[in-house]
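One structure, pasted below without further comment.
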Amino acid sequence: MFDQKLRNMLQRYGLRATTQRMVILDYLMSHKTHPTAEMIHADLQSISLATIYNTLEKLVDTGLVIVIDSNDDKRHFDYYGEPHYHIINQKTHEIIDANNFDVQPLLDAARKASGLNISGYHIELYGIDPKDTK
Ligand SMILES: [Zn+2]
């Protein structure tokens with residue numbers, strides 16, 4: 001039986017809490033692997049790939065889930081209810097999570113530059129392993 005927490009979270013983000021949405025959101029919250037739709041489908045075979053795609057699009061529209069492009073021609077999905085930033089290994093395309101950085105100065109600078117109240121962010125940094133540059 002699903003947690004009331006998942007139901008509440010979907011509703012707070014303006015989505016009806018269908019079973020499929022709860023299953024896929026729960027999957028993303030418990031897998032920090034930045035999976036593709038195909039990877040999710042491999043683990044949740046009872047849900048069609050088309051439904052997984054449609055559900056992911058809905059979740060992305062709300063901002064609860066984001067898409068990360070790690071330059072491997074695949075769309076990787078990530079639960080983003082707890083904001084963090086990503087570091088992408090340019091050689092292996094590995095996506096690394098990090099949250100050891102205070103983004104507030106950046107958000108303040110962005111507000112100053114644009115006049116907008118900053119409502120969210122998604123930061124991707126790219127890097128190369130020093131061992132791979134020799
Ligand atoms: Zn992440």
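Please find, within the stretch 37-50, the residue that is surrounded by the fewest Cβ atoms within 10 Å (Cβ to Cβ) out of those that are of a type outside the set (D, E, K, R) and touching a residue at least 12 places away in the same chain (Cβ under 8 Å).
Residue satisfying both the conditions and the ranking: Leu49.
Now, a different point. Pick from Leu107, Leu116: which is over 19 Å from the mean Cα position of the chain (by Cα), farther than 21 Å from Leu56 by Cβ and not in a loop (DSSP other than H, G, I, E, B)?
Leu107
If you don't mind, there's one more thing I want to ask. All but one of (1) within 16 Å of the ligand (Cβ to nearest atom); (2) open to solvent by 60 Å² or more (accessible area, probe 1.4 Å) hold for Asp72, so report the exception by its number.
(2)
Please indicate, with yes or no, whether at least one residue in the stretch 97-104 is under 22 Å from Leu10 (Cα atoms) and open to solvent by less than 40 Å² (accessible area, probe 1.4 Å).
Scanning the stretch 97-104 turns up no residue that is under 22 Å from Leu10 (Cα atoms) and open to solvent by less than 40 Å² (accessible area, probe 1.4 Å).
For the stretch 108-123: of the residues being open to solvent by less than 90 Å² (accessible area, probe 1.4 Å) and modelled with pLDDT of 95 or more, which is nearest to the ligand (Cβ to nearest atom)?
Applying the first criterion (open to solvent by less than 90 Å² (accessible area, probe 1.4 Å)) to the stretch 108-123 yields 108-110, 114-115, 118, 120-123.
From what's left, modelled with pLDDT of 95 or more: 108-110, 114-115.
On the way: Asp108: 23, Ala109: 23, Ala110: 21, Ser114: 25, Gly115: 29 Å.
Once the filter is applied, the top-ranked residue is Ala110.
Pairs under 8 Å by beta carbon, first residue over 17 Å from Gly63 (Cβ atoms) in the stretch 79-104, partner in a strand (DSSP E or B) and acidic (Asp, Glu), six or more apart or different chains?
Ile87/Glu124; Ile88/Glu124; Ile95/Asp78
Scan (1) at pLDDT 95 or above; (2) assigned to a loop (DSSP other than H, G, I, E, B); (3) open to solvent by 60 Å² or more (accessible area, probe 1.4 Å) for the single condition His34 breaks and write down its number.
(3)
To continue, here is another question. State the number of residues belonging to the stretch 125-134 that are in contact (Cβ under 8 Å) with a residue 12 or more places away in the chain and open to solvent by 50 Å² or more (accessible area, probe 1.4 Å).
Result for the stretch 125-134: 4.
The values are calculated or read from the model by the stated rules, or taken from the named source; none is laboratory data. These numbers were taken from a predicted model, which means no experiment stands behind them. FYI the Cβ positions are ideal-geometry reconstructions off the backbone, even for glycines, and counts take in every protein chain you see. Each accessible area value is taken on the protein alone, full model and side chains, heavy atoms only, with ligands, DNA and RNA left out. Shrake-Rupley method; radii C 1.70, N 1.55, O 1.52, S 1.80 Å.
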